[in-house]
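Some notes on the structure that comes next.
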């Protein structure tokens, strides 16, 4: 499958998390995306690590597409500095549009929303609804427990090993993106 990697959807937190390394990882990923001329697709928030990654991409001359439901615009959490802000009616439409726009997906540390978005995009891949790369940027071991859960699900017969292998994991953004490219060329 030879495909072009142009847009990366990043799932991340509407909070900063409890340690500065999460903010730093979001800023670093934003810088990497801009340097590689990859467009960020994300949930259009101006808060938490969502705001950090968008600001980093923009500060380094990159492009950002934000997708947000009207209810969050009304709560004043939309990033107003985006050149491409798409307002939708529901969270379901938001996730579907983000998935449609993206060539690959990366999850940074985050909470329930990040987990839900990651689980849905993995489920869609498991059902063969898409063949786009999915990765976890495992900052300071944040996803270690989730990865153990995936391994336990395989061991207990709830998840096929091939579906477990849909999740690429790395601690380095550049290396993760290189793995995406390698996957897309085969």
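The values are calculated or read from the model by the stated rules, or taken from the named source; none is laboratory data. Quantities reported herein were computed from a predicted structural model and do not represent experimental measurements. A quick note on method: Cβ atoms are made from the backbone with ideal geometry, for glycine too, and the neighbour counts reach across all protein chains shown.
When you scan the range 53-60, do you find a residue that is surrounded by fewer than 17 Cβ atoms within 10 Å (Cβ to Cβ), in contact with a helix residue (DSSP H, G or I) (Cβ under 7 Å, 6 or more places away or on another chain) and within 14 Å of residue 137 (Cα to Cα), even just one? Full working, then the answer.
Keep residues of the range 53-60 that are surrounded by fewer than 17 Cβ atoms within 10 Å (Cβ to Cβ), which gives 59-60.
From what is left, the residues that are in contact with a helix residue (DSSP H, G or I) (Cβ under 7 Å, 6 or more places away or on another chain) are 60.
Among the residues that remain, those that are also within 14 Å of residue 137 (Cα to Cα) are: none.
Scanning the range 53-60, I find no residue that is surrounded by fewer than 17 Cβ atoms within 10 Å (Cβ to Cβ), in contact with a helix residue (DSSP H, G or I) (Cβ under 7 Å, 6 or more places away or on another chain) and within 14 Å of residue 137 (Cα to Cα), so the answer is no.
Do you know which residues across the range 67-90 are touching a residue at least 12 places away in the same chain (Cβ under 8 Å) and either more than 22 Å from residue 26 (Cβ to Cβ) or assigned to a helix (DSSP H, G or I) (or both)?
So the first thing to find is which residues in the range 67-90 are touching a residue at least 12 places away in the same chain (Cβ under 8 Å), and the list is 67-70, 72-73, 77-90.
Residues satisfying the conditions are 70, 72, 73, 87, 88, 89, 90.
From the set of residues in the range 146-171 that are touching a strand residue (DSSP E or B) at 6+ places or on another chain (Cβ under 8 Å) and over 20 Å from residue 124 (Cβ atoms), which is surrounded by the fewest Cβ atoms within 10 Å (Cβ to Cβ)? Result: 171. Each residue in the range 121-133 was checked for being in a helix (DSSP H, G or I) and either at pLDDT below 95 or under 25 Å from residue 27 (Cα atoms) (or both), and 2 pass.
Can you report the number of residues in the range 98-114 which are part of a helix (DSSP H, G or I) and under 11 Å from residue 167 (Cβ atoms)? Break it down into steps so the answer makes sense when it comes.
In the first step, residues of the range 98-114 are kept if they are part of a helix (DSSP H, G or I); the result is 98-101, 112-114.
Next, from what is left, pick out any that are under 11 Å from residue 167 (Cβ atoms): none.
Adding up the residues that qualify gives 0.
One residue alone among 117, 93 is in a helix (DSSP H, G or I) and buried (at least 20 other Cβ atoms within 10 Å of the Cβ), and that residue is 117.
Restricting the range 1-27 to residues that are assigned to a helix (DSSP H, G or I) and touching a helix residue (DSSP H, G or I) at 6+ places or on another chain (Cβ under 8 Å), the residue that is surrounded by the most Cβ atoms within 10 Å (Cβ to Cβ) is 26. Out of curiosity, is residue 87 touching a strand residue (DSSP E or B) at 6+ places or on another chain (Cβ under 8 Å) and closer than 29 Å to residue 19 by Cβ? It is false that residue 87 is touching a strand residue (DSSP E or B) at 6+ places or on another chain (Cβ under 8 Å) and closer than 29 Å to residue 19 by Cβ. The residues listed here are 61, 30; of these, the one that is in a loop (DSSP other than H, G, I, E, B) and at pLDDT 95 or above is 61. Number of residues in the range 134-186 that are more than 24 Å from residue 29 (Cα to Cα) and either in contact (Cβ under 8 Å) with a residue 24 or more places away in the chain or not in a helix (DSSP H, G or I) (or both) equals 7.
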